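Below is one structure; the comments refer to it alone.
The values are calculated or read from the model by the stated rules, or taken from the named source; none is laboratory data. Since we're looking at a predicted model, the values are computed, not measured. We place every Cβ from the backbone using ideal geometry, glycine too, and count neighbours over all the protein chains shown. Accessible surface is based on the protein model in full, side chains and every heavy atom, while ligands, DNA and RNA are left aside. Shrake-Rupley method; radii C 1.70, N 1.55, O 1.52, S 1.80 Å.
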Amino acid sequence: MAEQGLPEGFKKGLEDIIAAESKICKIDGQNGKLYYRGYRIEDLAEHCTYEETCYLLLYGKLPTKKELKEYTKMLASMRNVPKYVVKILKETVHKTTAMEALRTAVSALAGGDEDVKDVKTDYHIAIGNSLIAKFPTLVAYYHRLNSGQKIIKPKKSLGYAANFLYMVNGKIPSKEEARAIDVDFILHAEHGFNASTFAVRITISTLSDMYSAMTTGIGVLKGPLHGGAAEAVFGQLKQIGSVENVEPFVKNVLAKHDKMMGIGHRVYKTYDPRARVLEKEARKFSEGKKSDMKWYRIAEKISQVMQREKNLYPNVDFFSAIVYDELGLPLELDSTIFAIARSAGWVAHALEQYEDNRLIRPLEYYTGPIDLKFVPIGERK
Ligand code: COA
(Lines give C-alpha, C1' and ligand atoms only; values in the text may rest on other atoms or scores of the structure.)
Protein backbone atom coordinates (compact mmCIF):
# COMPACT_ATOMS: atom_id res chain seq x y z
CA MET A 1 0.00 0.00 0.00
CA ALA A 2 1.49 3.38 -0.99
CA GLU A 3 1.93 6.07 1.65
CA GLN A 4 -0.77 8.75 1.45
CA GLY A 5 -0.37 11.06 -1.55
CA LEU A 6 2.70 9.21 -2.81
CA PRO A 7 3.10 6.96 -5.86
CA GLU A 8 2.64 3.19 -5.51
CA GLY A 9 5.89 1.53 -4.38
CA PHE A 10 7.37 4.64 -2.77
CA LYS A 11 9.01 3.87 0.60
CA LYS A 12 11.21 6.45 2.27
CA GLY A 13 14.55 4.93 3.22
CA LEU A 14 13.54 1.79 1.24
CA GLU A 15 11.96 0.51 4.45
CA ASP A 16 10.46 -2.99 3.97
CA ILE A 17 11.53 -3.08 0.30
CA ILE A 18 13.04 -6.40 -0.78
CA ALA A 19 15.87 -5.50 -3.15
CA ALA A 20 17.31 -8.92 -4.12
CA GLU A 21 17.38 -12.62 -3.30
CA SER A 22 20.15 -13.73 -0.98
CA LYS A 23 21.29 -17.00 0.58
CA ILE A 24 23.71 -15.47 3.07
CA CYS A 25 21.79 -14.24 6.09
CA LYS A 26 18.32 -14.60 7.58
CA ILE A 27 17.12 -12.12 10.21
CA ASP A 28 13.92 -13.00 12.06
CA GLY A 29 13.28 -9.68 13.79
CA GLN A 30 10.00 -10.71 15.43
CA ASN A 31 11.52 -13.69 17.20
CA GLY A 32 15.03 -12.33 17.73
CA LYS A 33 16.78 -14.91 15.56
CA LEU A 34 19.75 -14.58 13.22
CA TYR A 35 21.24 -17.17 10.87
CA TYR A 36 24.38 -17.13 8.69
CA ARG A 37 23.93 -19.55 5.77
CA GLY A 38 21.23 -21.29 7.78
CA TYR A 39 23.25 -21.74 10.99
CA ARG A 40 22.10 -20.14 14.25
CA ILE A 41 24.35 -17.30 15.34
CA GLU A 42 24.47 -18.73 18.89
CA ASP A 43 25.97 -21.99 17.59
CA LEU A 44 28.52 -20.18 15.46
CA ALA A 45 29.53 -17.91 18.37
CA GLU A 46 29.95 -20.92 20.64
CA HIS A 47 31.77 -23.32 18.33
CA CYS A 48 33.47 -21.40 15.49
CA THR A 49 36.41 -19.12 14.97
CA TYR A 50 36.10 -15.94 12.94
CA GLU A 51 38.08 -17.60 10.13
CA GLU A 52 35.57 -20.46 10.10
CA THR A 53 32.73 -17.94 9.92
CA CYS A 54 34.42 -16.14 7.01
CA TYR A 55 34.75 -19.45 5.17
CA LEU A 56 31.08 -20.19 5.79
CA LEU A 57 29.98 -16.77 4.54
CA LEU A 58 32.22 -16.72 1.44
CA TYR A 59 32.07 -20.36 0.33
CA GLY A 60 28.54 -21.16 1.54
CA LYS A 61 29.40 -24.16 3.72
CA LEU A 62 31.21 -24.96 6.95
CA PRO A 63 34.80 -26.02 6.23
CA THR A 64 36.22 -29.45 7.00
CA LYS A 65 39.16 -29.56 9.44
CA LYS A 66 41.61 -29.62 6.51
CA GLU A 67 39.86 -26.79 4.65
CA LEU A 68 39.80 -24.62 7.76
CA LYS A 69 43.48 -25.25 8.46
CA GLU A 70 44.42 -24.26 4.91
CA TYR A 71 42.10 -21.25 4.86
CA THR A 72 43.34 -19.98 8.22
CA LYS A 73 46.93 -20.37 7.02
CA MET A 74 46.15 -18.55 3.78
CA LEU A 75 44.53 -15.59 5.57
CA ALA A 76 47.49 -15.41 7.99
CA SER A 77 49.89 -15.30 5.03
CA MET A 78 48.06 -12.31 3.51
CA ARG A 79 48.18 -9.96 6.51
CA ASN A 80 51.13 -7.80 5.49
CA VAL A 81 50.37 -4.53 3.73
CA PRO A 82 52.64 -2.95 1.10
CA LYS A 83 55.17 -0.32 2.19
CA TYR A 84 53.56 2.46 0.16
CA VAL A 85 50.29 1.95 2.07
CA VAL A 86 52.14 2.20 5.41
CA LYS A 87 53.69 5.42 4.08
CA ILE A 88 50.25 6.83 3.27
CA LEU A 89 49.08 5.94 6.80
CA LYS A 90 52.15 7.62 8.31
CA GLU A 91 51.55 10.78 6.32
CA THR A 92 47.85 11.08 7.08
CA VAL A 93 47.49 9.55 10.53
CA HIS A 94 47.28 12.78 12.54
CA LYS A 95 44.78 14.33 10.15
CA THR A 96 42.32 11.44 9.99
CA THR A 97 40.04 9.42 12.20
CA ALA A 98 40.55 5.65 12.29
CA MET A 99 37.67 5.04 9.84
CA GLU A 100 38.97 7.69 7.43
CA ALA A 101 42.42 6.13 7.53
CA LEU A 102 41.02 2.63 6.95
CA ARG A 103 38.92 3.86 3.99
CA THR A 104 41.94 5.58 2.40
CA ALA A 105 44.26 2.62 2.97
CA VAL A 106 41.83 0.05 1.53
CA SER A 107 41.35 2.19 -1.55
CA ALA A 108 45.13 2.57 -1.87
CA LEU A 109 45.63 -1.21 -1.82
CA ALA A 110 44.10 -1.53 -5.30
CA GLY A 111 46.74 -2.37 -7.85
CA GLY A 112 49.59 -2.85 -5.40
CA ASP A 113 48.37 -5.95 -3.62
CA GLU A 114 51.09 -8.59 -4.12
CA ASP A 115 48.91 -11.31 -2.62
CA VAL A 116 46.47 -11.19 -5.52
CA LYS A 117 48.69 -9.89 -8.32
CA ASP A 118 49.04 -13.21 -10.15
CA VAL A 119 45.63 -14.66 -9.45
CA LYS A 120 43.95 -15.30 -12.79
CA THR A 121 40.74 -17.09 -11.83
CA ASP A 122 38.65 -16.59 -8.69
CA TYR A 123 40.00 -13.06 -8.79
CA HIS A 124 37.23 -11.47 -6.73
CA ILE A 125 37.36 -14.04 -3.95
CA ALA A 126 41.16 -13.73 -3.79
CA ILE A 127 40.93 -9.96 -3.33
CA GLY A 128 38.13 -10.43 -0.81
CA ASN A 129 40.25 -12.77 1.28
CA SER A 130 43.25 -10.51 0.99
CA LEU A 131 41.23 -7.55 2.25
CA ILE A 132 39.67 -9.53 5.12
CA ALA A 133 43.24 -10.49 6.10
CA LYS A 134 44.57 -6.94 5.85
CA PHE A 135 41.84 -4.92 7.64
CA PRO A 136 43.18 -5.67 11.17
CA THR A 137 46.74 -4.77 10.14
CA LEU A 138 45.61 -1.40 8.79
CA VAL A 139 43.58 -0.60 11.92
CA ALA A 140 46.38 -1.66 14.27
CA TYR A 141 48.98 0.30 12.28
CA TYR A 142 46.77 3.37 12.42
CA HIS A 143 46.45 3.05 16.18
CA ARG A 144 50.18 2.50 16.79
CA LEU A 145 51.18 5.42 14.55
CA ASN A 146 48.50 7.71 15.91
CA SER A 147 49.60 7.05 19.49
CA GLY A 148 53.29 7.59 18.64
CA GLN A 149 54.25 3.92 18.92
CA LYS A 150 56.14 1.62 16.55
CA ILE A 151 53.99 -0.56 14.33
CA ILE A 152 53.96 -4.25 15.17
CA LYS A 153 54.06 -6.61 12.19
CA PRO A 154 51.45 -9.39 12.07
CA LYS A 155 52.38 -12.75 13.59
CA LYS A 156 51.48 -15.72 11.38
CA SER A 157 51.33 -18.16 14.30
CA LEU A 158 48.42 -16.27 15.90
CA GLY A 159 44.78 -16.63 14.91
CA TYR A 160 42.94 -13.70 13.30
CA ALA A 161 41.54 -12.25 16.54
CA ALA A 162 44.62 -12.86 18.70
CA ASN A 163 46.87 -11.32 16.08
CA PHE A 164 44.71 -8.18 15.95
CA LEU A 165 44.98 -7.69 19.73
CA TYR A 166 48.71 -8.39 19.55
CA MET A 167 49.26 -5.77 16.84
CA VAL A 168 47.24 -3.15 18.78
CA ASN A 169 48.43 -3.78 22.35
CA GLY A 170 51.91 -5.11 21.71
CA LYS A 171 51.50 -8.24 23.81
CA ILE A 172 50.19 -11.67 23.01
CA PRO A 173 46.67 -11.89 24.45
CA SER A 174 45.46 -14.66 26.72
CA LYS A 175 43.24 -17.35 25.17
CA GLU A 176 40.27 -15.79 26.95
CA GLU A 177 41.00 -12.31 25.58
CA ALA A 178 41.47 -13.59 22.04
CA ARG A 179 38.27 -15.61 22.27
CA ALA A 180 36.29 -12.57 23.42
CA ILE A 181 37.23 -10.58 20.34
CA ASP A 182 36.82 -13.66 18.13
CA VAL A 183 33.20 -14.00 19.31
CA ASP A 184 32.63 -10.27 18.82
CA PHE A 185 33.95 -10.54 15.23
CA ILE A 186 31.65 -13.50 14.53
CA LEU A 187 28.60 -11.62 15.81
CA HIS A 188 29.38 -8.51 13.72
CA ALA A 189 30.39 -10.41 10.57
CA GLU A 190 27.12 -10.21 8.68
CA HIS A 191 23.65 -8.70 8.91
CA GLY A 192 21.75 -8.89 5.63
CA PHE A 193 20.97 -5.77 3.62
CA ASN A 194 22.12 -3.20 6.18
CA ALA A 195 23.17 0.17 4.72
CA SER A 196 26.89 -0.57 4.20
CA THR A 197 26.30 -4.04 2.74
CA PHE A 198 23.64 -2.73 0.39
CA ALA A 199 26.08 0.01 -0.70
CA VAL A 200 28.69 -2.68 -1.37
CA ARG A 201 26.18 -4.50 -3.59
CA ILE A 202 25.33 -1.28 -5.45
CA THR A 203 29.03 -0.73 -6.17
CA ILE A 204 29.46 -4.30 -7.46
CA SER A 205 26.26 -4.02 -9.52
CA THR A 206 28.02 -1.57 -11.85
CA LEU A 207 30.69 -4.30 -12.28
CA SER A 208 33.12 -2.16 -10.32
CA ASP A 209 35.87 -3.90 -8.34
CA MET A 210 36.20 -5.36 -4.85
CA TYR A 211 38.50 -2.58 -3.56
CA SER A 212 35.93 0.04 -4.56
CA ALA A 213 33.14 -1.98 -2.96
CA MET A 214 34.98 -2.37 0.35
CA THR A 215 35.92 1.32 0.34
CA THR A 216 32.22 2.10 -0.16
CA GLY A 217 31.32 -0.20 2.74
CA ILE A 218 33.67 1.59 5.12
CA GLY A 219 32.39 5.00 4.04
CA VAL A 220 28.80 4.00 4.72
CA LEU A 221 29.50 2.17 7.98
CA LYS A 222 31.25 5.28 9.28
CA GLY A 223 28.01 7.23 9.69
CA PRO A 224 26.66 7.65 13.24
CA LEU A 225 23.36 5.98 12.33
CA HIS A 226 25.22 2.80 11.43
CA GLY A 227 28.64 1.87 12.80
CA GLY A 228 29.28 4.50 15.43
CA ALA A 229 26.97 3.35 18.22
CA ALA A 230 29.45 1.30 20.32
CA GLU A 231 31.60 4.37 20.78
CA ALA A 232 28.58 6.41 21.86
CA VAL A 233 27.44 3.70 24.29
CA PHE A 234 30.66 3.88 26.22
CA GLY A 235 30.45 7.67 26.29
CA GLN A 236 27.03 7.36 27.96
CA LEU A 237 28.24 4.73 30.44
CA LYS A 238 31.02 7.09 31.49
CA GLN A 239 28.62 10.02 31.77
CA ILE A 240 26.30 7.98 34.01
CA GLY A 241 29.18 6.78 36.16
CA SER A 242 27.25 4.67 38.71
CA VAL A 243 24.27 2.31 38.93
CA GLU A 244 22.40 4.83 41.14
CA ASN A 245 22.58 7.44 38.40
CA VAL A 246 20.95 5.22 35.76
CA GLU A 247 17.26 5.91 36.59
CA PRO A 248 17.54 9.72 36.64
CA PHE A 249 19.81 9.73 33.57
CA VAL A 250 17.49 7.56 31.46
CA LYS A 251 14.39 9.45 32.59
CA ASN A 252 16.05 12.71 31.62
CA VAL A 253 17.03 11.33 28.19
CA LEU A 254 13.50 10.07 27.56
CA ALA A 255 11.92 13.31 28.75
CA LYS A 256 14.00 15.17 26.18
CA HIS A 257 13.08 12.58 23.48
CA ASP A 258 16.77 11.79 23.11
CA LYS A 259 18.20 8.30 22.54
CA MET A 260 19.92 5.85 24.84
CA MET A 261 22.73 4.55 22.64
CA GLY A 262 22.95 0.83 21.88
CA ILE A 263 19.24 0.43 22.57
CA GLY A 264 16.54 -0.31 19.99
CA HIS A 265 16.72 -1.68 16.45
CA ARG A 266 14.85 -1.19 13.19
CA VAL A 267 14.48 -4.92 12.53
CA TYR A 268 14.51 -6.60 15.95
CA LYS A 269 11.30 -6.09 17.88
CA THR A 270 12.66 -8.15 20.75
CA TYR A 271 16.13 -8.83 22.17
CA ASP A 272 18.83 -8.70 19.47
CA PRO A 273 20.25 -12.25 19.60
CA ARG A 274 23.78 -10.89 19.17
CA ALA A 275 23.34 -8.69 22.23
CA ARG A 276 22.30 -11.74 24.27
CA VAL A 277 25.57 -13.48 23.48
CA LEU A 278 27.57 -10.31 24.03
CA GLU A 279 25.87 -9.67 27.36
CA LYS A 280 27.18 -13.01 28.60
CA GLU A 281 30.62 -12.20 27.19
CA ALA A 282 30.68 -8.76 28.83
CA ARG A 283 29.64 -10.25 32.18
CA LYS A 284 32.13 -13.09 32.02
CA PHE A 285 34.82 -10.76 30.87
CA SER A 286 34.24 -8.03 33.46
CA GLU A 287 34.30 -10.30 36.51
CA GLY A 288 37.44 -9.62 38.50
CA LYS A 289 38.84 -7.45 35.71
CA LYS A 290 39.86 -3.81 35.32
CA SER A 291 36.37 -2.33 35.69
CA ASP A 292 35.30 -4.87 38.35
CA MET A 293 31.86 -5.12 36.69
CA LYS A 294 31.26 -1.38 36.98
CA TRP A 295 30.35 -0.80 33.31
CA TYR A 296 28.52 -4.10 33.10
CA ARG A 297 26.29 -3.30 36.10
CA ILE A 298 25.44 0.15 34.74
CA ALA A 299 24.64 -1.38 31.34
CA GLU A 300 22.51 -4.10 32.93
CA LYS A 301 20.51 -1.47 34.79
CA ILE A 302 20.03 0.66 31.65
CA SER A 303 18.76 -2.41 29.85
CA GLN A 304 16.23 -3.11 32.63
CA VAL A 305 15.00 0.48 32.78
CA MET A 306 14.65 0.77 28.98
CA GLN A 307 12.66 -2.47 28.80
CA ARG A 308 10.38 -1.28 31.59
CA GLU A 309 9.95 2.29 30.29
CA LYS A 310 9.89 1.80 26.50
CA ASN A 311 9.84 -1.93 25.83
CA LEU A 312 13.15 -1.46 24.01
CA TYR A 313 16.09 -3.88 24.14
CA PRO A 314 19.87 -3.67 23.76
CA ASN A 315 21.32 -4.10 20.27
CA VAL A 316 24.68 -5.56 19.19
CA ASP A 317 26.63 -2.42 20.10
CA PHE A 318 25.43 -2.17 23.69
CA PHE A 319 27.66 -4.74 25.37
CA SER A 320 30.49 -4.87 22.84
CA ALA A 321 31.82 -1.51 24.06
CA ILE A 322 32.40 -3.03 27.51
CA VAL A 323 34.29 -5.97 26.04
CA TYR A 324 36.51 -3.63 23.98
CA ASP A 325 37.33 -1.53 27.00
CA GLU A 326 38.35 -4.59 29.02
CA LEU A 327 40.59 -5.68 26.16
CA GLY A 328 42.43 -2.37 26.20
CA LEU A 329 41.06 -1.36 22.82
CA PRO A 330 40.76 2.42 22.58
CA LEU A 331 37.29 3.86 22.07
CA GLU A 332 38.29 5.59 18.82
CA LEU A 333 38.84 2.18 17.20
CA ASP A 334 35.30 0.91 17.90
CA SER A 335 33.88 1.58 14.42
CA THR A 336 36.95 0.10 12.73
CA ILE A 337 36.57 -3.07 14.83
CA PHE A 338 33.05 -3.31 13.44
CA ALA A 339 34.49 -2.79 9.92
CA ILE A 340 37.09 -5.54 10.40
CA ALA A 341 34.36 -7.99 11.39
CA ARG A 342 31.89 -6.87 8.72
CA SER A 343 34.49 -7.20 5.93
CA ALA A 344 33.48 -10.89 5.64
CA GLY A 345 29.80 -10.04 5.13
CA TRP A 346 30.70 -7.38 2.56
CA VAL A 347 32.84 -9.81 0.56
CA ALA A 348 30.17 -12.53 0.71
CA HIS A 349 27.53 -10.11 -0.62
CA ALA A 350 29.88 -8.75 -3.29
CA LEU A 351 30.47 -12.31 -4.55
CA GLU A 352 26.76 -13.08 -4.53
CA GLN A 353 26.04 -9.87 -6.44
CA TYR A 354 28.70 -10.66 -9.09
CA GLU A 355 27.22 -14.13 -9.51
CA ASP A 356 23.74 -12.97 -10.46
CA ASN A 357 24.17 -9.33 -11.26
CA ARG A 358 21.67 -6.75 -12.34
CA LEU A 359 22.48 -3.06 -12.11
CA ILE A 360 20.85 -1.64 -8.96
CA ARG A 361 19.11 1.48 -10.13
CA PRO A 362 15.94 2.57 -8.31
CA LEU A 363 13.76 5.51 -9.29
CA GLU A 364 13.27 8.79 -7.50
CA TYR A 365 9.95 10.53 -6.90
CA TYR A 366 10.64 13.94 -8.45
CA THR A 367 8.95 16.79 -6.61
CA GLY A 368 10.75 19.78 -8.19
CA PRO A 369 9.46 22.11 -10.95
CA ILE A 370 9.45 21.33 -14.69
CA ASP A 371 9.43 23.34 -17.94
CA LEU A 372 11.00 26.43 -16.36
CA LYS A 373 11.86 29.18 -18.84
CA PHE A 374 15.64 29.14 -19.42
CA VAL A 375 17.29 32.42 -18.43
CA PRO A 376 20.64 33.27 -20.12
CA ILE A 377 23.44 33.82 -17.56
CA GLY A 378 23.70 37.55 -18.15
CA GLU A 379 20.00 38.04 -17.35
CA ARG A 380 19.86 36.06 -14.09
CA LYS A 381 19.20 37.98 -10.91
N1 COA B 1 16.45 5.48 23.24
C2 COA B 1 15.27 6.06 23.53
N3 COA B 1 14.17 5.92 22.80
C4 COA B 1 14.26 5.17 21.71
C5 COA B 1 15.44 4.52 21.32
C6 COA B 1 16.56 4.70 22.16
N7 COA B 1 17.72 4.12 21.86
N8 COA B 1 15.26 3.83 20.19
C9 COA B 1 13.99 4.03 19.85
N10 COA B 1 13.39 4.84 20.76
C11 COA B 1 12.00 5.26 20.76
C12 COA B 1 11.80 6.46 19.86
O13 COA B 1 12.01 7.67 20.52
C14 COA B 1 10.38 6.26 19.45
O15 COA B 1 9.56 6.61 20.54
P16 COA B 1 8.12 7.28 20.35
O17 COA B 1 7.33 6.27 19.57
O18 COA B 1 7.65 7.48 21.75
O19 COA B 1 8.37 8.54 19.59
C20 COA B 1 10.27 4.75 19.27
O21 COA B 1 11.21 4.22 20.20
C22 COA B 1 10.59 4.25 17.85
O23 COA B 1 11.89 4.71 17.54
P24 COA B 1 12.46 4.99 16.07
O25 COA B 1 13.68 5.82 16.18
O26 COA B 1 11.35 5.43 15.17
O27 COA B 1 12.86 3.51 15.63
P28 COA B 1 13.73 3.15 14.38
O29 COA B 1 13.38 1.75 14.07
O30 COA B 1 13.62 4.14 13.30
O31 COA B 1 15.22 3.28 14.96
C32 COA B 1 17.34 2.87 15.82
C33 COA B 1 16.06 2.25 15.25
C34 COA B 1 18.38 1.76 16.04
C35 COA B 1 17.93 3.89 14.85
C36 COA B 1 17.00 3.54 17.17
O37 COA B 1 16.51 2.58 18.07
C38 COA B 1 18.21 4.27 17.75
O39 COA B 1 18.48 5.42 17.39
N40 COA B 1 18.97 3.63 18.71
C41 COA B 1 20.10 4.24 19.29
C42 COA B 1 21.31 4.21 18.34
C43 COA B 1 21.88 2.81 18.19
O44 COA B 1 22.07 2.09 19.15
N45 COA B 1 22.18 2.46 16.94
C46 COA B 1 22.79 1.18 16.62
C47 COA B 1 21.83 0.32 15.87
S48 COA B 1 22.48 -1.31 15.65
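Do any GluC sites (Glu not before Pro) in region 71-126 lie in a DSSP loop with no more than 11 other beta carbon atoms within 10 Å, and if so, which? Could the numbers behind the result be given before it?
On the way: sites: Glu91, Glu100, Glu114; in loops: none.
Sites meeting the loop and neighbour criteria: none at all.
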### Message
Positive end of the dipole of the chain, charges at C-beta (+1 Lys, Arg; -1 Asp, Glu), about the Cα centre: which of Leu131, Pro248, Leu329 has its Cα farthest in that direction?
### Response
Leu329
### Query
If you project the alpha carbons of region 1-146 onto the principal axes, what extent comes out on each, in Å, largest first?
56, 43, 32
#### Entry: Lys, Arg +1 and Asp, Glu -1 on Cβ, resulting dipole of region 117-196 about Cα centre, debye, nearest 20
500 debye
### lysines whose Cα lies under 22 Å from that of Lys289, excluding same-chain neighbours fewer than 8 positions away
Lys171, Lys175, Lys238, Lys280, Lys301
### Query
If you stretched the chain out fully between Gln149 and Ala255, how much longer would it get, using 0.36 nm times the residue separation minus the C-alpha to C-alpha distance?
33.7 nm
### Query
Where the eigenvalues come from the Cα gyration tensor of region 104-163, what are the semi-axes √(5λ) of the equivalent ellipsoid, largest first, in whole Å?
24, 14, 9
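Let a ≥ b ≥ c be the square roots of the eigenvalues of the Cα gyration tensor of region 305-349; is it rounded (a/c under 1.5), or, if not, prolate (a/b larger than b/c) or oblate?
Numbers: a/c = 3.75, a/b = 1.44, b/c = 2.61.
Cα axes put region 305-349 in the oblate bin.
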### Message
How high is the relative contact order of the chain? Use alpha-carbon pairs under 8 Å, at least six apart in sequence, and give a whole percent.
### Response
22 percent
### Cα principal axis extents for the chain, largest first, Å
72, 60, 47
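Wrap a convex hull around the Cα atoms of region 72-171, take a quarter of its surface area, and give that in square nanometres.
Orientation-averaged projected area of the Cα hull: 6.1 nm².
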### Query
Quick one: which of Lys11/Lys310; Lys269/Lys310; Lys61/Lys153 span more than 22 angstrom between C-alpha atoms?
Lys11/Lys310; Lys61/Lys153
## Note on the structure
A 1.4 Å probe over the protein heavy atoms gives the chain a carbon and sulfur accessible-area percentage of 53 percent
#### Entry: Radius 13 Å from Cβ of Thr197, net charge of other residues (Lys, Arg +1; Asp, Glu -1)
0
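When only DSSP loop residues count, what GluC sites (Glu not before Pro) in region 281-341 have their Cβ near at most 13 other Cβ atoms within 10 Å? Could the numbers behind the result be given before it?
On the way: sites: Glu281, Glu287, Glu300, Glu309, Glu326, Glu332; in loops: Glu287.
Counting only loop positions with at most 13 other Cβ atoms within 10 Å, the GluC sites (Glu not before Pro) in region 281-341 are Glu287.
May I ask you to rank Lys83, Lys301, Lys134, Lys73 by accessible area, largest first, using a 1.4 Å probe over the protein chains only? All intermediate terms of the calculation are to be shown ahead of the outcome.
Values: Lys83 180, Lys301 60, Lys134 0, Lys73 150 Å².
Greatest to least solvent exposure: Lys83, Lys73, Lys301, Lys134.
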